[in-house]
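Below is one structure; the comments refer to it alone.
The values are calculated or read from the model by the stated rules, or taken from the named source; none is laboratory data. Keep in mind that this is a model prediction, so the values were computed, not measured. We place every Cβ from the backbone using ideal geometry, glycine too, and count neighbours over all the protein chains shown.
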Ligand code: 13P
């Protein structure tokens, strides 16, 4: 069923929980994620990476996810993640995305806020919910090796800049850089909880978003909601578990008559169980 991302996140935060968002490159993974959410009777967010949306069939994929979300027995949001191109954002919204990360994080804060505000005005009237990102999150969204080159301490969100940024951008949710990275952490992940607390105070009622959750400890995930983090993004963990399961199932699938069904079952099981574990951790207190 359809839900407004910010309302959903605020509602779950009030219950002591955060909503997980999973990057889906294909429909089988999305189906498994939604089934895991339905089994847990919890809401979930399906993320579409910008390269997927802009690639061949990307807008048809978003339309298919829209159908899946509307048909689901739990609230499901379809969000275009890390979007920097206004044309792609508009096309994704027309195709059925009901939330967008208008990502101006590579720009100076004032231009970032202007970019987010321009996307809000471009999509006004469509009911789309806008997330913004303040601070520079390292790593690559689609390649887990990218994080190794990034110092997580660099480019962290400045709590003193948050209130003015939210004022100028009117973003509905705020993604933060607090020691998190996209991809595999090169050492032990260390989130700056003190900084998160100051950002939360500065953000007022705007919920925080934590990207780069793959590789974080169970304790970090369980703590997220109590620190005002209402949405948690996961990609690397989901696609690694899925690819490993597919690789393990492939020889047997080939030797049993090119058995596509057995391969897809392994795929779904891996994606569903990864999503199920994250759903559980983020709702541990809810
Ligand atoms: P990970 O790949 O590190 O889980 O990050 C996912 C993410 O933040 C997507 O926006």
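Worth a mention:
- Test result for residue 246, under 25 Å from residue 35 (Cβ atoms), touching a residue at least 12 places away in the same chain (Cβ under 8 Å), touching a helix residue (DSSP H, G or I) at 6+ places or on another chain (Cβ under 7 Å) and assigned to a helix (DSSP H, G or I): yes
- Residue count for segment 110-138 under the criterion of being part of a loop (DSSP other than H, G, I, E, B) and farther than 23 Å from residue 97 by Cβ: the result is 2.
- Inspection of segment 250-272 identifies no residue that is in contact with a strand residue (DSSP E or B) (Cβ under 6 Å, 6 or more places away or on another chain) and within 16 Å of the ligand (Cβ to nearest atom).
- Scanning segment 215-242 for residues that are within 13 Å of the ligand (Cβ to nearest atom) and without any contact (Cβ under 8 Å) to a residue 60 or more places away in the chain yields 215, 216, 220, 237, 241.
- Test: residue in segment 193-210 that is part of a helix (DSSP H, G or I) and touching a residue at least 60 places away in the same chain (Cβ under 8 Å): no
- Summed over segment 172-192, residues that are closer than 28 Å to residue 128 by Cα and without any contact (Cβ under 8 Å) to a residue 12 or more places away in the chain total 0.
- Answer from 47, 65 - the residue that is crowded, with 22+ Cβ neighbours inside 10 Å and out of contact with any helix residue (DSSP H, G or I) (no Cβ under 9 Å at 6 or more places or on another chain): 47
Here's the yes/no breakdown for (1) farther than 17 Å from residue 103 by Cβ; (2) at pLDDT 95 or above; (3) within 16 Å of the ligand (Cβ to nearest atom):
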{"site": "164", "(1), (2), (3)": "yes, yes, no"}
{"site": "167", "(1), (2), (3)": "yes, yes, no"}
{"site": "173", "(1), (2), (3)": "no, yes, yes"}
{"site": "212", "(1), (2), (3)": "no, no, yes"}
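- Some residue of segment 144-159 being within 16 Å of the ligand (Cβ to nearest atom), outside any loop (DSSP other than H, G, I, E, B) and surrounded by 19 or more Cβ atoms within 10 Å (Cβ to Cβ): yes
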